[in-house]
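Written out below as structure tokens is the structure these notes cover.
The values are calculated or read from the model by the stated rules, or taken from the named source; none is laboratory data. Remember, it's a predicted structure, so these values are computed and weren't measured experimentally. Because the Cβ atoms are built from the backbone with ideal geometry, glycine has one as well, and the counts that use them run over all protein chains shown.
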Amino acid sequence: MGISRISVHIGEPADGSLNMKLYVTLTSPYARLARILVIEKALEHRVEVIAAKTRIADSPYYQINPSGRVPYLIDDSGVGMEDSQLICAYLDNLDGKPRFHDPQRQTDWAYQRLEFAARNMCEGICVWIREMARPAAERSPTVLAHETARARRMADVFEDRMTDPLMAAAPSMAHLILAVALDVAAKRGFGDLTVDRPRLAAWMRSMCELPSMQKTAPP
């Protein structure tokens with residue numbers, strides 16, 4: 001089986017259009033971001049979250065999304081889209097009241113630097129995890145060392161950034177991305193990047209109290 005439903009939400013939009021379908025894996029931090037947006041925007045009644053099998057030959061999921069990546073969202077009209085950045089923005093804007101994608105932040109370069117630093121940190125950790133998933137003989141020590149050093153440098157950066165008023169603001173995509181990155185590092189063998197970084201550790205504890213973070217915690 002390449003696809004299984006992990007939650008079925010009963011009810012359709014008032015116009016009778018189809019429910020949206022969000023294809024995920026439970027270990028992907030990018031899919032987790034989309035799942036968090038579903039919860040934060042109270043879209044559980046409109047979005048069916050479906051677990052897809054990826055990285056296996058001939059998965060039925062590839063008939064739905066040929067790239068095989070997650071997350072993948074099929075909207076009310078039956079049109080699909082992929083990439084967490086696009087999907088999160090789409091879900092956030094469905095009600096016309098975006099909380100995590102404030103249009104004014106599109107040219108707020110201080111905020112944009114923060115968000116994309118978090119994205120790059122997350123991507124580096126994911127590269128490390130994917131490399132470690134290879135058979136031991138196929139792993140690149142150079143790649144592993146490079147991504148380990150990068151993540152530690154970035155953790156130091158965010159430890160310093162905790163005094164920035166942007167980090168004390170209401171959760172934004174930058175906050176969610178950073179929290180998901182730190183959590184996947186701690187739970188997938190990379191290590192706890194908040195150790196010896198007390199401000200980052202305190203911030204992460206507060207983020208982990210969000211119901212959306214708790215409900216989407218990876219197995």
(request) Give the residue that is surrounded by the fewest Cβ atoms within 10 Å (Cβ to Cβ), with candidates limited to residues of the range 111-149 that are closer than 16 Å to Leu33 by Cα and charged (D, E, K, R). (result) Glu123
(request) Return a yes/no flag: does the range 153-165 have any residue that is in contact (Cβ under 8 Å) with a residue 60 or more places away in the chain, under 23 Å from Ser212 (Cβ atoms) and of a type outside the set (Lys, Arg). (result) no
(message) Show the residue pairs meeting these rules: Cβ distance below 8 Å; 6+ apart or different chains; first residue within the range 126-144 and assigned by TED's automatic domain parsing to the domain that holds Asp183 and on the phi > 0 side of the Ramachandran plot; second residue assigned to a helix (DSSP H, G or I) and at pLDDT 95 or above.
(response) none
(request) Tell me, yes or no, whether the range 29-37 has at least one residue that is free of Cβ contacts under 8 Å to residues at least 24 places away in the same chain and at negative phi. (result) no
(message) farther than 21 Å from His101 by Cα, in contact with a Ser or Thr (Cβ under 8 Å, 6 or more places away or on another chain), touching a residue at least 12 places away in the same chain (Cβ under 8 Å) and basic (Lys, Arg): is that true of Arg199 in this structure?
(response) yes
(request) Any chance you could count how many residues in the range 151-195 are over 19 Å from the mean Cα position of the chain (by Cα), of a type outside the set (Val, Ile, Thr) and closer than 13 Å to Asn120 by Cα? (result) 2
(message) Need pairs with beta-carbon distance below 8 Å; first residue more than 17 Å from Asn65 (Cβ to Cβ) and not assigned by TED's automatic domain parsing to the domain that holds Asn120 and within the range 75-98, second assigned to a helix (DSSP H, G or I) and of a type in the set (Asp, Glu); sequence gap 6+ or separate chains.
(response) Pro98/Asp92
(message) Among the residues of the range 148-157, are any within 30 Å of Ala42 (Cα to Cα) and part of a helix (DSSP H, G or I)?
(response) no
